[in-house]
Amino acid sequence: MIELGVLRGDGIGPEIVSATTQVVERALDAAAVGVRWVPLPFGRQAIDEFGTPVPDVTLERLDGLTGWIIGPHDNAGYPEQFRGTLSPGGVIRKRYNLFANIRPARALSKSVRAVCPDIDVVIVRENTEGFYADRNMYDGAGEFMPTADVALAVAVFTRAAIERIAHEAFRIAATRRRSVTIAHKTNVLTRTTGLFRDTCMAVADQYPDVEVRGEHVDALAALLVSRPTQFDVIVAENMFGDILSDLTGQLSGSLGMAPSLNASDSKAMAQASHGAAPDIAGRDVANPVAMMLSAAMLLRWLGERAGSGRALVGAADAVEHAVRRTLDAGLSTPDVGGSAGTREFTDGVLTALRPT
Ligand code: ATP
């Protein structure tokens with residue numbers, strides 16, 4: 001039996017998280033592992049109940065957990081006092097030092113309409129500093145307004161943080177097609193992204209079997225569309241990685257297909273790459289695939305570290321396989337050209353998981 005936290009979040013969060021817990025539960029039951037869910041208040045519902053999107057009761061419980069599933073948050077829709085500070089997801093990433101954000105993008109099934117059906121990349125995004133100023137200060141945010149007409153933001157790049165994300169990227173590449181591309185912008189941001197590129201290059205020396213190259217991030221965006229198959233693993237600072245992974249997610253079919261895992265050396269959080277999509281919330285049209293595959297990444301991560309490892313990796317394989325079989329059978333949500341609702345698609349995955 002494993003214990004997993006569940007934070008449902010905002011917008012489409014409750015729908016896709018509920019779809020995911022059903023699927024994970026069935027896969028873990030079939031693997032004879034079983035799961036005890038730990039539901040935790042988070043997001044708008046937590047503001048209403050506890051006066052804050054990430055209440056202490058949630059953090060205290062997360063302190064004792066190794067893994068959890070989190071829905072997207074819609075902080076842009078929160079009351080004024082909760083905007084312009086560290087985002088709720090940022091609070092959790094920072095507290096647990098979840099420095100590695102792993103975002104794979106791959107077209108899963110021939111039946112899914114994709115701009116680049118052959119894309120198969122992993123964005124390895126540094127998650128704690130860089131250009132996202134909301135999370136790169138010890139206290140407060142790195143954005144300032146000295147006057148009503150002037151806004152400043154501080155970027156932070158440290159060798160230690162770049163080294164650890166670079167190692168993550170090279171380790172992942174070593175298990176794939178052995179190629180790492182470093183996203184930078186050294187012709188303009190010479191010191192910050194220069195330190196990022198040079199530190200990644202220095203780490204590359206420790207992985208002689210993995211080839212490495214650098215690309216300016218703007219050129220890289222164009223190349224990902226024109227020659228997507230050239231890329232295997234891309235290592236990027238926080239904001240570049242966030243933007244590039246929305247691009248690769250959409251190239252592989254839809255934002256709704258793009259999973260992600262946030263990890264430290266001792267804890268991991270499954271979180272889809274996309275946001276709360278308030279425009280489609282509550283309409284039973286959200287694509288739960290990204291959330292389901294994020295949960296599969298979490299099971300794999302736990303399995304590679306835990307005693308009951310094999311069974312967890314088997315459950316991760318089973319979830320991925322069931323999602324693919326469901327898509328192959330022609331069932332998909334409207335964002336990828338289908339007509340199934342979230343619930344109907346989830347039922348399809350549950351059926352595909354049922355032992356035959
Ligand atoms: P954030 O800044 O929080 O990442 P965002 O502004 O980038 O959010 P998203 O919420 O990620 O926006 O999504 C952009 C659009 O993509 C949504 O408005 C929605 O139409 C579509 N979309 C995102 N996720 C899904 C999904 N799981 N299923 C279907 N459509 C989705």
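Could you grab the relative contact order for the chain? Cα pairs under 8 Å, six or more apart, rounded to a whole percent.
Dividing the mean separation by the residue count of the chain yields 23 percent.
Tell me whether the range 1-66 comes out rounded, prolate or oblate; compute the Cα gyration tensor, take square roots of the eigenvalues as a ≥ b ≥ c, and use a/c under 1.5 as the rounded threshold.
Taking the square roots of the gyration eigenvalues as a ≥ b ≥ c, the range 1-66 is oblate.
Any idea what the dipole of the range 167-236 comes to, in debye rounded to 20, about its Cα centre with Lys/Arg Cβ at +1 and Asp/Glu Cβ at -1?
100 debye
Between GLU129, GLU215, GLU320, find the one with the highest GNM mean-square fluctuation for the chain; connect C-alpha pairs within less than 10 Å.
GLU215
With springs only between Cα atoms under 10 Å, which of VAL35, VAL23, VAL122 fluctuates most in a Gaussian network model of the chain?
Its mean-square fluctuation being the largest, the pick is VAL35.
Give me the lysines in straight-line cross-link reach of LYS94: C-alpha distance below 27 Å, same-chain residues under 8 apart excluded.
LYS185, LYS267
Any idea of the accessible area per residue across the chain, 1.4 Å probe, to the nearest Å²?
Normalised by residue count, the accessible surface of the chain is 43 Å².
What's log10 of I(q)/I(0) for the range 28-178 at q = 0.09 Å⁻¹, Debye sum over Cα points only, no solvent?
Calculated log10 I(q)/I(0) at the listed q: -0.43.
Taking 0.36 nm per residue of sequence separation and subtracting the Cα-Cα distance, how much length would be gained by fully extending the chain between THR85 and VAL150, in nm to one decimal?
Value of the extension gain: 21.6 nm.
Okay, helix-only estimate at 222 nm for the chain: each DSSP H run of n ≥ 4 adds -39500 (n - 2.57), divide by all residues, round to 500 deg cm²/dmol; what do you get?
-12500 deg cm²/dmol, from helical runs alone.
Please give, to one decimal in nm, the separation of the simple spin-label points placed at ARG177 and THR229, each 7 Å out from Cα toward the Cβ.
Between ARG177 and THR229, the simple spin-label model gives 0.8 nm.
Calculate, for ASP265 and HIS321, the FRET efficiency according to 1/(1 + (r/R0)^6) with r their C-beta to C-beta distance and R0 41 Å; round to the nearest 0.05.
That gives a FRET efficiency of 0.90.
Summarise the accessible area of the chain (1.4 Å probe, protein heavy atoms) by the percent that is carbon and sulfur.
Here it works out to 51 percent.
Ordering SER18, SER254 by how much accessible area each has at a 1.4 Å probe, largest first, what is the list?
SER18, SER254
If you restrict to DSSP beta bridges whose two residues both lie in the chain, what percentage is antiparallel, to the nearest 5?
Among the beta bridges of the chain, antiparallel pairing accounts for roughly 40 percent.
Tell me, what is the percent relative contact order of the range 115-252, built from C-alpha pairs under 8 Å that lie six or more residues apart?
Relative contact order for the range 115-252 comes out at 39 percent.
How large are Rg and Dmax for the range 115-252 when calculated on the C-alpha trace, in angstrom?
15.5, 52
For the range 115-252, what is the percent of antiparallel DSSP beta bridges, rounded to the nearest 5?
Around 25 percent antiparallel, to the nearest 5.
Dipole size in debye (nearest 20) for the chain around its Cα centre, Lys and Arg Cβ +1, Asp and Glu Cβ -1?
840 debye
Tell me, what is the FRET efficiency for ARG354 and ALA202 to the nearest 0.05, using R0 = 56 angstrom and their Cβ-Cβ distance as r?
0.65
The values are calculated or read from the model by the stated rules, or taken from the named source; none is laboratory data. Keep in mind the model is a prediction, meaning the values are calculated, not measured. Here Cβ is always computed from backbone atoms with ideal geometry, including for glycine, and neighbour counts include all displayed protein chains. We work out accessible area using only protein heavy atoms, side chains counted, and drop any ligands, DNA or RNA first. Shrake-Rupley method; radii C 1.70, N 1.55, O 1.52, S 1.80 Å.
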